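These notes concern the structure reproduced below.
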Amino acid sequence: MRVCVALCGLLLVAANTYAGERQISLDWLKTVAFAAHQTDYSGVFVYQYDNHVETSRIIHVVEPDSEYEKLESLDGPKREIIRHHGQIWCYINHKMVQVDSQQVHGRFPSLLPEQLSALSSNYLIKEAGMERVAGYPTQVIMFQPKDGLRYAYKIWAHTDSGLLLKAAVLGDKKQVIEQYAFTQLQIGGNIDRSWVGAKDFAGHGAGLPVSPETAMGGTVINSGWVVDALPAGFKKTREIQRPMRGKHAPVTQIVFSDGLSAISIFIEPADGDEDDVDGLSSRGAVNLYHKVLDKHLITAVGEVPPRMVMQVLDSVRYNGK
Amino acid sequence: MKKEISALMDGELFEDEAENLLDQIKRDSATHKDWEIYHLIGDVLRQPEHIHCDLSEKVRERMQDEPTVLAPRGRAVKQKVRAVALSAVASLAAVGVVAWMSLQVSPEAASQMAMQQSALRPASAQIQPKSNDYLMAHQEFSPSIDMNGGASYIRTVSYSTDEK
């Protein structure tokens, strides 16, 4: 009897330690998400997948109204993205074009409790030691999927600020599918804000243009399209009808997420010249799969293994009136 | 012999013993039959509503139906050699997968197969720049943005050197 009690006690202690460790990991995630939105930083990072490597500069500043972010390529053709409060501009054909404008609730997005619980039910989260990245000490955190359906993630978070300094997406053999890593980074301090200034942004005179095509953003709908073979752990997080650059008609977008990765399904009327679009293509961890179904062009995009975007897309059907 | 097979299924054999036995199962059809029957029994006990009969055959069929996407186009000769090499690798791997599958028949096995196969699949085509808008629209709602911040947007505008 006494042995039994001792054993139970031991088990309890073990369970507590486990729960404690999990809590620490979840706390880390909250810190990382907070830091991503609420830290001023400027740095250069490398993005790599397959035999492709490119360098980019990112500047992120926090203003009283919201955050501003500029991402520009340092290799190859000029590419630039500016983001501010759900609005996105992109450098296309030698000028900045507004590509999207979505409603954002709250000044700064943060991790939702349901996202955290989805995360911990689909992934084993554990701390994996300390490493140095871009001259800063970091905490390494592993997200190991509980099944073989999704990629594993490994992140390196700055121990002081929580900023993500390196992130890798890993396949089932621990091979790197894609990774980002800062090579140089300034956190806080004197960061170039000359490009921010309210005057330069939409609706305030000169500067970045507002596009009537995209300005109205997305509206929440119930499209009637359903996915039958949704992989375990994925839940619908959004279903909207949205304008999309270069499309004549609004596009339906349905987003599913397991807390860490997501799959979007886009549904639009097929205009007959889609012969060349069928099939699977990829870029780093993102896979894209197109198909024409009932006079609609359907596209699945997600940072999930190729098999999963195919499975999801192949099970899309119309269940409406 | 039956005792050994049962021990193997329970994961109680040492690695070298297991390898020898697996070898024998592959060569000797009677042993192979025993092996299948044992698994069938196990399946029935575990999930009577869903019974696999000769799973290995079905796995092999599915593997053959899998598309082999080869890219980029334009280097025909090299590609052919690679295709042959890859299909050789794939069939070797298929044997491996079958052996592995038999070792752990579980409800998740089929989905894990998906992952195994995606690892075998030759690199698929690069996402075309004209699809960047889909990537951008997806990125906005992907949770990766909460962690990585704007850095993950690099995917939406990444270029490839063989684009031009």
How many Cβ atoms of partner chains, on average, are near each residue of A:285-291 if near means within 10 Å of its Cβ?
4
Which pairs, out of A:LYS30/A:LYS146; A:LYS173/A:LYS235; A:LYS78/A:LYS166; A:LYS146/A:LYS166; A:LYS235/B:LYS58; A:LYS154/A:LYS247, put more than 28 Å between their alpha-carbon atoms?
A:LYS235/B:LYS58; A:LYS154/A:LYS247
Volume of the Cα convex hull of segment A:21-201, divided per residue and given in Å³
146 Å³
If you count, for every residue in A:240-247, the Cβ atoms of partner chains within 10 Å of its Cβ, what is the mean?
2
Under a 5 Å amide H to amide H cut-off, with H placed in plane at 1.01 Å, what residues pair with A:SER211 once short-range neighbours are removed?
A:GLN98
Once you have the Cα-Cα distance between A:ASP228 and A:ASP160, take 0.36 nm times their residue separation minus that, and quote the gain in nm to one decimal.
20.1 nm
Enter the mean number of other protein chain beta carbons within 10 Å of the beta carbon of each residue in A:302-312, as an integer.
4
Where labels lie 7 Å past Cα in the beta-carbon direction, separation of A:ASP147 and B:TYR38 in nm:
2.8 nm
With θ set to phi - 60°, apply the Karplus curve 6.51 cos²θ - 1.76 cosθ + 1.60 along segment A:60-77 and write out the HN-Hα couplings as whole Hz, x wherever there is a Gly or Pro.
10, 10, 10, 10, x, 7, 4, 9, 10, 9, 10, 10, 9, 7, 9, 10, x, x
Cα→Cβ-extended label distance, 7 Å offset, between A:ASP294 and A:GLU114, nm:
2.6 nm
For segment A:218-318, just the Cα set please: Rg and Dmax, both in angstrom.
12.8, 36
Rank by packing, highest mean first: peptides A:154-160, A:290-296, A:143-149, A:190-196, with packing defined as the count of other Cβ atoms within 10 Å averaged across residues.
A:154-160, A:143-149, A:290-296, A:190-196
Which residues qualify? For A:GLY218, with a placed amide H closer than 5 Å and at least 5 residues away or on another chain, they are A:GLN103
Order of A:165-178, A:90-103 by packing, highest average Cβ count within 10 Å first?
A:165-178, A:90-103
Taking θ as phi - 60°, what are the ³J(HN,Hα) couplings along segment A:24-29 by the Karplus curve (6.51, -1.76, 1.60), each to the nearest whole Hz, with x for Gly and Pro?
4, 4, 5, 4, 4, 4
Which residues qualify? For A:VAL133, with a placed amide H closer than 5 Å and at least 5 residues away or on another chain, they are A:THR138
What length, rounded to one decimal in nm, is gained on full extension from A:ILE221 through to A:ALA128, with 0.36 nm per residue of separation minus their alpha-carbon distance?
29.3 nm
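Taken together, the values in this text are just the output of simple stated rules run on the coordinates, not laboratory data. Owing to the predicted nature of the structure, the values given are computational and were not obtained by experimental measurement. Note that we place each Cβ from the backbone using ideal geometry, even for glycine, and neighbour counts take in every protein chain shown.
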